[in-house]
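Chemist: Take a look at the following structure, please.
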């Protein structure tokens with residue numbers, strides 16, 4: 001799993017570098033289509049990392065969902081044991 005993560009991280013870094021380079025190239029081109037390519041490249045440079053971050057965030061939140069890790073643990077009363085506070089009454 002660790003090796004897969006490193007490979008995916010390297011692929012993401014290369015993709016981001018290529019998007020930056022394409023943005024620079026499209027900005028320097030003097031062609032009628034270059035303006036449209038530049039807009040698309042800038043949008044991709046912003047949107048792809050944001051969407052990937054959102055995907056990773058949601059995947060982390062949903063990773064443990066549906067699994068009952070400790071069935072004896074009552075999350076409603078977690079940390080609310082006030083028996084020692086009312087012992088003097």
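The values are calculated or read from the model by the stated rules, or taken from the named source; none is laboratory data. Since we're looking at a predicted model, the values are computed, not measured. When we count neighbours, we look across all protein chains shown, and the Cβ atoms used for this are built from the backbone with ideal geometry, even at glycine.
Chemist: Any residue in the stretch 9-22 that is at positive phi and in contact (Cβ under 8 Å) with a residue 40 or more places away in the chain sitting within a Cβ distance under 7 Å of a residue that is surrounded by 13 or more Cβ atoms within 10 Å (Cβ to Cβ) and in a helix (DSSP H, G or I)? List the pairs, counting only those 6 or more apart or interchain.
Modeler: none
Chemist: Could you say which residue among 42, 48 is under 23 Å from residue 9 (Cβ atoms) and surrounded by 11 or more Cβ atoms within 10 Å (Cβ to Cβ)? I'd like the intermediate steps shown before the answer.
Modeler: Details: 42 fails: under 23 Å from residue 9 (Cβ atoms).
Answer to the check: 48.
Chemist: Now a separate question. Given the options 4, 23, name the one that is at pLDDT below 90, surrounded by fewer than 11 Cβ atoms within 10 Å (Cβ to Cβ) and either assigned to a helix (DSSP H, G or I) or out of contact with any helix residue (DSSP H, G or I) (no Cβ under 9 Å at 6 or more places or on another chain) (or both).
Modeler: On the way: 23 fails: surrounded by fewer than 11 Cβ atoms within 10 Å (Cβ to Cβ).
Among 4, 23, only 4 is at pLDDT below 90, surrounded by fewer than 11 Cβ atoms within 10 Å (Cβ to Cβ) and either assigned to a helix (DSSP H, G or I) or out of contact with any helix residue (DSSP H, G or I) (no Cβ under 9 Å at 6 or more places or on another chain) (or both).
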